[in-house]
Amino acid sequence: MGLWMTRGLTLSGHIFRSLPQFRGKGRAALRIGSLLTTRGADPIVSCKMTAGHRLRLDCRVQSHCRTYFTGEYDEAKVSTLSSFLRRNGVALDVGANIGFYTVPLARVARDLQAKVVAVEPVAINCEWLIANLALNQCKEVVEVWTHGLSDVEGDTQIVLAEDFLAGGSVGNAVISDLASYGPEFRRTTIHLKKLDDIWPKNASRIDIIKLDIEGHEGKFLIGSRDTISLYRPVILMEVNRLHYRKQGLDFDSLIPKLLPKEYEFAEVTNRGVNRITKLADCPDGDVLLIPAERLAETNCARTRD
């Protein structure tokens, strides 16, 4: 039974990836993936993404299953962010997970003689990240850091969150609001450092940062204030206000105070990049933080005044 279910998962993945986008495609993929894996299909798969790279995925994790059946993961955001990477620069992927952004960024970096620094403190995620880099022959342009980045240095607990609870072997992890997670969630210890302490001022220029650390973004910005002020990178940052509310913080007023002067906000959509007047105008998802002097590098129109 397991063999046939595994073959069914492989075949359905091929079929779905060949289909054009349609309403409900993601939901249908999740239903099929869940049905086949619960009936014995091997959930660990590998697929070629639309952008050309390959990823090893775990179909028990919803984001992985959707990626497997569509062959896409944040295509517009990855493309937009990578367009700001310059020759001999650095892309910093904070919260690299298994390499959803790291791998395609590495492919761009290789062509520009640039490099990627991938930050992933969860050991099993880091193992998969390295495996995905090897799968795409791009390990030579990526430096992997196995500690987290924050506003302090030291050890802390991290919660292996919803993806792990659902049975995934890899997934999301949280250090920002530990008290919100009950004993059913496993915890592990990680080490934290401040970017300002470990990125020397004569190091390579940081052009872009992808920042997705489940409500800990503010702490990262505090611990990276000098480095960000010096290099003024373009930042793609997760917007998840719930994590901040659980900490008694207002995301929309906090984040702008932690950025250097003259940073603009924008949304990335499949139709392009749209500037927004204030952070509160951005829905949960991701926001692009762009230094004013780099706005000319993208077709970015102000849409909300």
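Between Leu19 and Thr50, the modelled labels are 1.4 nm apart [label points 7 Å from Cα along Cα→Cβ].
Remark: Trp199, Trp4 ranked as Trp4, Trp199, counting other beta-carbon atoms within 10 Å and listing the fewest first.
Cβ crowding within 10 Å, taken as a proxy for footprinting-reagent exposure, orders Lys257, Lys139, Lys278, Lys193 from fewest neighbours to most as Lys257, Lys278, Lys139, Lys193. Between helix 102-112 and the chain there is an angle of about 60 degrees, using the helix long axis and the longest principal axis of the Cα atoms. Among 15-27, 214-226, the peptide with the highest mean count of other Cβ atoms within 10 Å heads the list, and the full ranking is 214-226, 15-27.
In straight-distance terms, cross-link reach from Lys210 covers every one of the lysines whose alpha-carbon lies under 25 Å from its own, apart from those fewer than eight places away in the same chain; here that gives Lys48, Lys77, Lys115, Lys139, Lys193, Lys194, Lys201, Lys219, Lys246, Lys257, Lys261, Lys278. Placing a label point 7 Å from the Cα of Ala131 along the Cα-to-Cβ direction, the residues of segment 164-190 whose backbone N falls under 17 Å from that point are 164, 167-172.
With +1 assigned to the C-beta of every Lys and Arg and -1 to the C-beta of every Asp and Glu, and no other charges, what is the dipole magnitude of segment 2-70 about the Cα centre in debye, to the nearest 20?
Charge dipole of segment 2-70: 180 debye, to the nearest 20.
Take the Cα of Asp226, step 7 Å toward its Cβ, do the same at Leu112, and the gap between the two points is 2.6 nm. In terms of surrounding Cβ atoms within a 10 Å radius of their Cβ, Asp197, Asp155 rank from fewest to most as Asp155, Asp197. The charge dipole of segment 1-151, taken about the Cα centre with unit charges on the Cβ atoms of Lys, Arg (+1) and Asp, Glu (-1), comes to about 660 debye, rounded to the nearest 20.
If you take every DSSP beta bridge whose two residues both sit in the chain, what share of them, in percent to the nearest 5, is antiparallel? Bridges in the chain that DSSP calls antiparallel: roughly 55 percent.
Read-outs: derived from the displayed coordinates by stated rules, not from any lab. What you are looking at is a predicted structure, and each value in this text was computed from that prediction instead of being measured. A quick note on method: Cβ atoms are made from the backbone with ideal geometry, for glycine too, and the neighbour counts reach across all protein chains shown.
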